[in-house]
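The values are calculated or read from the model by the stated rules, or taken from the named source; none is laboratory data. Only a predicted model underlies this, so the values are computations on that prediction, with no experimental measurement involved. Glycine also receives a Cβ, built like all others from the backbone with ideal geometry; neighbour counts cover every protein chain displayed. Heavy atoms of the whole protein, side chains included, go into the accessibility calculation; ligands, DNA and RNA do not. Shrake-Rupley method; radii C 1.70, N 1.55, O 1.52, S 1.80 Å.
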Amino acid sequence: MNETILEMRNITKSFPGVKALNNVSIEVRRGEIHALVGENGAGKSTLMKVLSGAYNAHEFEGEIYVGGNRQEFASVRDAKAIGIEMVYQEMNMMLDGTVAENIYVGNLPGKHLVNFRKLYADTQDILDRVGLDFKPQDIVRTLNGGQMQMLAIMRAISRRPQIIVMDEPTSALTGDQVDLLVDFLRDMRGEGVACLFITHKLEEVYRVCDRVTVMRDGEVVFTKGVGEVSEEDLVEGMIGRRIENMYAPGTGVLGEELLRVEGLSVPHPTYPRRDIVRDISFSVRRGEILGIGGLVGAGRSEILGAVFGQLTHGVRKKIYVRGKETPITCPRDAIRAGIGLVPEDRKINGFIWAFSILHNLTLPSLRELPHRFFINFREERRTAGVPFERMRVRAPGMDTQITNLSGGNQQKVVLGKWLIKDVSILLVDEPTRGVDVGSKAEIYAIMRELCAQGISIIMVSSDMPELVSMSDRCLVIANGTVTAELQGEDISQTNVMQAAIAAKPA
C-alpha cells in the first residue's frame with residue numbers, strides 16, 4: 001500500500017532557549033511500519049507529542065495532514081477522534097483494575113450499566129488474537145512488566161486506530177512476547193494500519209520495519225527504505241559520527257576472586273512457599289564482567305537485590321568478599337563491603353528527581369565528606385567533579401537538574417556515584433535500557449575502563465547482543481536455577497536462549 005496516510009510538514013517547535021524541532025517533515029504510508037530513530041534529545045518525543053495533540057495547533061509551526069485532510073488538534077482527544085493512538089514507554093495503568101477494564105477504559109460497553117459479559121467476551125477475542133495467556137478478569141497488578149506493555153498495546157488497538165505510535169514497545173518484553181508483537185504488527189500492516197515505531201534497538205528496525213527516518217538535533221537527517229541503509233549508516237546518521245566498535249573489548253586479564261555467593265535462595269514475591277531463586281552459587285573475579293541472562297521472571301534481578309541487601313525477608317545466602325565471609329543484611333552493609341548497585345529502573349530507584357547532578361553524585365557519600373554541622377559544599381563539588389568528568393556526562397554543569405538529562409546521561413550519573421565510594425564490585429541491572437545508541441557505546445567503554453582498573457561487574461541484561469558481547473562469562477538462569485555457565489565463544493544468542501528455556505518449572 002503506497003497511499004499516504006500521514007504527513008507532518010515543516011514542523012517547528014521551540015522551548016525557552018532551545019529549538020526542539022526545526023522544519024521537520026515526515027510522511028507515513030497506509031499499512032507501513034515506519035521506524036523513527038535517533039539519540040535521546042533528537043526530537044522524536046516532541047514530534048510525537050505534536051502528532052498526538054499533547055501540544056495544540058497554536059504551540060508549534062507547521063501542518064499535519066491525515067488521509068489528505070489538514071488537521072488542527074486542540075487536545076489529545078481530537079487526535080484520538082480521527083484514529084491516532086499512542087503507546088508510551090511509561091505505562092499508565094489502573095493497577096487494581098482488571099485486564100478488561102484497562103483495555104476498554106473510557107469505552108466500556110453498556111448504556112447505564114457496564115455489560116460485563118460483552119466486556120469480557122470482547123477482551124478475550126483480543127487476547128486470543130494476539131496469543132496472550134492471561135484472562136480478562138485478571139487484576140493488572142498481578143501481571144509482569146512485559147504483560148502490562150502488551151496490555152497497553154492491546155488497549156490502543158481496541159480503539160481501531162488509523163495510525164498507532166509505539167515508543168520503545170519492546171523494552172520490557174521477553175523474546176516470546178517480542179515475537180507475538182512482531183506477528184501482530186504484520187497483521188496490522190495487512191489491515192492497513194500505519195505504525196510509527198520508535199526504538200533504540202536497531203535489530204528491530206531491520207526485523208519489522210519498512211522504512212526508517214533518522215533524526216538528530218531536532219532535524220530529519222534522512223528517510224530511506226530499510227533495505228537501502230546499513231546499520232553503520234543508521235548509527236552515523238543518529239550521532240553524526242561512525243562508531244567503529246560498539247562493544248568495547250575486554251583485556252582478557254582477570255585477577256583474584258572478589259565476590260563469591262553460595263546457596264542463594266530468594267522467596268517468590270507473589271507465590272507463597274515457592275522460591276524464585278533456588279540454591280544458586282557463583283563468583284566473580286577482579287576485572288571480570290559476569291553476565292546473567294534468562295527470561296523476564298527467571299529471578300535475575302532478585303539475585304542482585306539479594307546480594308545487595310535490598311531483599312532480605314526469607315533470603316538464604318552466604319557471601320564472601322575477597323575470601324572473607326561478609327554478612328549483608330541491608331544495602332549499607334553492601335556499600336561498606338565495596339558493593340554498589342545500578343538498579344533496573346533508574347527513574348524509580350536510581351536517582352532523586354528533585355536533585356541536581358551534583359547532589360545525586362554525592363548522595364551515597366555524604367557521611368564521608370568533611371563536615372561539622374553542615375555539608376562542606378566546596379568539598380562536595382570537588383568530590384563530584386571527578387566522576388562527572390570521568391563519566392563524560394553531557395550537561396551544562398553539575399547544577400543541572402538530573403531530569404533534564406537524556407536517559408544515557410542519567411545512567412552515567414547513576415554509575416558515577418559509586419566511583420566516589422570507591423566500590424570494587426558493581427551490580428548493574430539492564431545497563432542500557434532506554435539509552436540511545438551513542439550513549440550505549442560510551443557506557444560500554446566506561447564499563448570496560450572500570451574493569452581495567454580492577455572493578456568487577458555483575459550485569460543482568462535482556463539485550464541479547466549486549467549480553468553476548470560484553471560478558472566475559474555468562475550465567476543463564478531459568479526457573480530460579482543456573483542452567484548454563486558459558487565462557488568465550490560459547491557465549492552466543494543460541495546457547496543463551498536454549499539454556500533459558502531448558503529448566504522445567506519447580
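Looking at the stretch 238-263, which of its residues are touching a residue at least 60 places away in the same chain (Cβ under 8 Å), touching a strand residue (DSSP E or B) at 6+ places or on another chain (Cβ under 7 Å) and closer than 28 Å to GLU32 by Cβ?
MET238
Among what's in the stretch 237-274 and is of a type in the set (D, E, K, R) and surrounded by fewer than 16 Cβ atoms within 10 Å (Cβ to Cβ), pick the residue that is nearest to ARG394 (Cα to Cα).
Among those that are of a type in the set (D, E, K, R) and surrounded by fewer than 16 Cβ atoms within 10 Å (Cβ to Cβ), it is ARG241.
Scan the strands (runs of 3 or more DSSP E) fully inside the stretch 418-501 and keep the ones with 3 or more residues being open to solvent by less than 10 Å² (accessible area, probe 1.4 Å).
Hits in the stretch 418-501: 425-429, 456-460, 473-478.
One line per residue, one yes/no per condition, for (1) open to solvent by 30 Å² or more (accessible area, probe 1.4 Å); (2) touching an Asp or Glu at 6+ places or on another chain (Cβ under 9 Å):
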| site | (1), (2) |
| --- | --- |
| ILE5 | no, yes |
| LYS13 | no, yes |
| VAL18 | yes, no |
| ASN22 | yes, yes |
| ILE26 | no, yes |
| ARG29 | yes, yes |
| GLY43 | no, yes |
| LYS49 | yes, no |
| ASN56 | yes, yes |
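Among what's in the stretch 82-112 and is open to solvent by 40 Å² or more (accessible area, probe 1.4 Å) and over 16 Å from ALA152 (Cβ atoms), pick the residue that is modelled with the highest pLDDT.
Here the answer is ILE82.
If a residue has to be among the hydrophobic types (A, V, I, L, M, F, W, C) and farther than 19 Å from ARG207 by Cβ to count, how many in the stretch 21-54 make the cut?
9
I'd like the full set of residues that are in a loop (DSSP other than H, G, I, E, B) and either in contact with a Gly (Cβ under 6 Å, 6 or more places away or on another chain) or hydrophobic (A, V, I, L, M, F, W, C) (or both), limited to the stretch 223-250.
The initial filter retains those residues of the stretch 223-250 that are in a loop (DSSP other than H, G, I, E, B), namely 229-230, 240-250.
Those that are in a loop (DSSP other than H, G, I, E, B) and either in contact with a Gly (Cβ under 6 Å, 6 or more places away or on another chain) or hydrophobic (A, V, I, L, M, F, W, C) (or both): VAL229, ILE243, MET246, ALA248.
Quick check on this structure: which one of VAL212, VAL220, VAL277, VAL266 is more than 30 Å from LEU475 (Cα to Cα), touching a helix residue (DSSP H, G or I) at 6+ places or on another chain (Cβ under 8 Å), part of a strand (DSSP E or B) and in contact (Cβ under 8 Å) with a residue 24 or more places away in the chain? Show your work before the answer.
On the way: VAL220 fails: touching a helix residue (DSSP H, G or I) at 6+ places or on another chain (Cβ under 8 Å); VAL277 fails: more than 30 Å from LEU475 (Cα to Cα); VAL266 fails: more than 30 Å from LEU475 (Cα to Cα).
Matching residue, one of VAL212, VAL220, VAL277, VAL266: VAL212.
For residues in the stretch 433-464 being at pLDDT 85 or above and of a type in the set (Ser, Thr, Tyr), which is farthest from ILE303 (Cα to Cα)?
TYR444
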